[in-house]
Amino acid sequence: DSAPLAKQPLSRGRTWWGYRDGVWSPNDEVVRGSLAHSFADQYETRYVGPVEDVLATIADEIRIEPHGDLINFTNGMLEWSTGELLDHDPAHKSTVQIPHRWNADATCPRFDAWLAQRLPAAGVQLAWELIAVSLYSGNPIQRAGLLYGVGKSGKSTYLQVIEELVGRENYTSL
């Protein structure tokens, strides 16, 4: 992983995290891997526990908190209020990444037409706002959506679109 070993954050519960491809994720092998790489032929597994003990006293703690102004995409951190795409930076300590590239010029005429067939104009606007809210880190505007309607009206399809957009690792459902 690209961050120096002593800068690998430690979460609550002493789980090591590693930074790769713009996102921090749990990585219990980060210390072992760094030691094996650094010591090559002299590496022994007995070094891992003591090194983890020492690092636990000096490593940063990662906090899984929302990044209200940033949305992490695979190609950068979108500052959504300005539309500026920033480079990934481990200092953001982002633990959630949308599994798609940000493209400010992207359109989806087929989905737009599908929404227009099922909802009045105000409903289409609200549907897009709910999608936007689902991309925010945390829930900074403190809103929730409720889909209500007759069967076969598109509610499940709409939810599947949001699930695919945010990525399976970034949502839960009942």
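The values are calculated or read from the model by the stated rules, or taken from the named source; none is laboratory data. Keep in mind that this is a model prediction, so the values were computed, not measured. Note: ideal-geometry Cβ built from the backbone for every residue, glycine included; neighbour counts use all protein chains shown. Just so you know, the surface numbers come from the protein's heavy atoms only, side chains and all, with ligands and any DNA or RNA stripped out. Shrake-Rupley method; radii C 1.70, N 1.55, O 1.52, S 1.80 Å.
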*Could you tell me whether the stretch 39-158 comes out rounded, prolate or oblate from its Cα gyration tensor? Rule is a ≥ b ≥ c as square roots of the eigenvalues, rounded for a/c under 1.5, then prolate if a/b exceeds b/c, otherwise oblate.*
prolate
*Value of relative contact order over the chain, rounded to a whole percent, pairs C-alpha under 8 Å and six or more apart*: 19
*Report the residues of the stretch 111-142 in range of a label on H100: point 7 Å along Cα→C-beta, backbone N strictly under 16 Å from it.*
111-115, 127-137
*In degrees from 0 to 90, rounded to the nearest 10, what is the angle of the helix 30-39 Cα long axis to the longest principal axis of the chain?*
40
*Take the Cβ-Cβ distance between N139 and D87 as r, set R0 to 45 Å, and report the resulting FRET efficiency rounded to the nearest 0.05.*
0.95
*Hey, got the dipole for the chain? About the Cα centre, +1 on K and R Cβ, -1 on D and E Cβ, debye to the nearest 20?*
760
*Ignoring ligands, DNA and RNA, what percent of the accessible area of the stretch 69-138 is carbon or sulfur (1.4 Å)?*
55
*Please give the contour-minus-distance gain from D69 to V124: 0.36 nm per residue of separation, less the Cα-Cα distance, rounded to one decimal in nm.*
17.3 nm
_Amide H partners (placed H, <5 Å) of N27, local residues excluded_ = W16, W17, G18
*Gained length - D112 relative to R14, 0.36 nm times residue gap less alpha-carbon distance*: 30.7 nm
